[in-house]
């Protein structure tokens, strides 16, 4: 998880991506599928990192990537992250992810259409259950309802269609549990009361996280590139402070920084500028490159590994496969508190950053699952 794949600087475009696929120390993905449907305009990548623990489970991201290579790399990184996330969430699922390339705005202004989503569903169905899809950035419950018409291995559907609805609810709840665990580890009490928390990104997950923080008595500062998202939070919680951009938020006096937008939030510019003692947020792949986790530790900043604390959403959609029960899923998401504390304890005992400790625990569970598989026949 801390050694994310990167594009090679030498050779023709794309060769770095292909070589990454077969480098087990960085990638090791079982299967990558490139999907294209000219009639609908669909271009998608489905990446299956591991099925050691069961069918790969992960969402579908719809994004206007700068290049096809960037889309492939994002799918690879996200799929690998899902393997680790699902392992530490205690789920019997491996890791997979899909990305659809293009503007997700609804037609006619963008690429997303019913025809495209149905075509995508057929590609997922062709994998025969090795990959189970769900919502992610740029896709929503209504989209999964359409995908499910062609693909039985679809979660994150609406309650009216037998689904669990918006998985961001338990994603935010799980992040809050990870934040409480971080507070317990650092300050001795599992509460954010009286602490100043900066939330970067108050969209699908972030605005739910703000609700939990306000209820817990935290002082909250927010930012988002979408004015509407900020206004929604301020209308509900007028005591919240908004700043113009993430750079200003990072440099603000904070106790906790919560990246809740896209990945790569913790980089060589952000980490030295952080005043927060804790980083705990919902965004995937927050570490921009290997070594950032050590930079955080060297500055005395406690990092709650993203794929551990943001697992509430995948816990929610995984429960849908068994006949969704919100209370059952929430009870499982509550355990993120204990898992986060266990990772901090392991990190301290081994003298390593929490991100490395989380990786070791996840890899241990996957290795044990592979070792237990029957051989021969």
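The values are calculated or read from the model by the stated rules, or taken from the named source; none is laboratory data. Worth saying up front: this structure is predicted, and the values here are computed from it rather than measured. A quick note on method: Cβ atoms are made from the backbone with ideal geometry, for glycine too, and the neighbour counts reach across all protein chains shown.
Just name the residue that is surrounded by the fewest Cβ atoms within 10 Å (Cβ to Cβ) out of those in the stretch 318-366 that are at negative phi and part of a loop (DSSP other than H, G, I, E, B).
Start the filter on the stretch 318-366 by keeping residues that are at negative phi, which leaves 318-322, 324-350, 352-366.
Those left that are additionally part of a loop (DSSP other than H, G, I, E, B): 321-322, 324-325, 335, 352-353.
Values: 321: 15, 322: 9, 324: 19, 325: 12, 335: 15, 352: 17, 353: 22.
Filtering first and then ranking leaves 322.
If you go through the stretch 241-270 one residue at a time, how many are crowded, with 19+ Cβ neighbours inside 10 Å, without any contact (Cβ under 8 Å) to a residue 60 or more places away in the chain and part of a loop (DSSP other than H, G, I, E, B)?
Result for the stretch 241-270: 1.
With the requirement that a residue be within 17 Å of residue 192 (Cβ to Cβ), without any contact (Cβ under 8 Å) to a residue 60 or more places away in the chain and more than 20 Å from the chain's Cα centre (by Cα), what does the stretch 275-307 give you?
Across the stretch 275-307, the qualifying residues are 275, 301.
Taking residue 123 as meeting all but one of (1) assigned to a helix (DSSP H, G or I); (2) not assigned by TED's automatic domain parsing to the domain that holds residue 81, write down the number of the exception.
(2)
If I ask for residues that are free of Cβ contacts under 8 Å to residues at least 24 places away in the same chain and part of a loop (DSSP other than H, G, I, E, B), which ones from the stretch 170-204 would you list?
Taking the stretch 170-204 first, the residues free of Cβ contacts under 8 Å to residues at least 24 places away in the same chain are 187-189.
Of everything in the stretch 170-204, those that are free of Cβ contacts under 8 Å to residues at least 24 places away in the same chain and part of a loop (DSSP other than H, G, I, E, B) turn out to be 188, 189.
Tell me, please, whether a residue that is over 22 Å from residue 263 (Cα atoms), assigned to a helix (DSSP H, G or I) and at pLDDT 95 or above can be found in the stretch 292-311.
There is no residue in the stretch 292-311 that is over 22 Å from residue 263 (Cα atoms), assigned to a helix (DSSP H, G or I) and at pLDDT 95 or above.
Tell me, which residue of the stretch 192-209 that is closer than 23 Å to residue 135 by Cα and surrounded by fewer than 24 Cβ atoms within 10 Å (Cβ to Cβ) is nearest to the chain's Cα centre (by Cα)?
Within the stretch 192-209, the match that is nearest to the chain's Cα centre (by Cα) is 204.
Residue by residue, here is whether (1) under 15 Å from residue 134 (Cβ atoms); (2) in contact (Cβ under 8 Å) with a residue 40 or more places away in the chain; (3) buried (at least 23 other Cβ atoms within 10 Å of the Cβ) holds:
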residue	(1), (2), (3)
33	no, yes, no
38	no, no, no
44	yes, yes, yes
61	yes, yes, yes
64	no, yes, no
69	no, yes, no
72	no, yes, yes
76	no, yes, yes
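Given 137, 124, which one is under 19 Å from residue 170 (Cα atoms) and touching a residue at least 12 places away in the same chain (Cβ under 8 Å)?
137
Since residue 138 meets every condition but one in (1) surrounded by fewer than 23 Cβ atoms within 10 Å (Cβ to Cβ); (2) on the phi > 0 side of the Ramachandran plot; (3) modelled with pLDDT of 95 or more, which condition does it not meet?
All conditions are met except number (3).
Output the residues belonging to the stretch 135-169 that are under 21 Å from residue 322 (Cβ atoms), assigned to a helix (DSSP H, G or I) and in contact with a strand residue (DSSP E or B) (Cβ under 9 Å, 6 or more places away or on another chain).
Let us first name the residues in the stretch 135-169 that are under 21 Å from residue 322 (Cβ atoms), namely 135, 141, 144-145, 147-148, 151-169.
Still in the list and also assigned to a helix (DSSP H, G or I): 141, 144-145, 147, 159-161, 168-169.
Scanning the stretch 135-169 gives 141, 144, 145, 147, 168.
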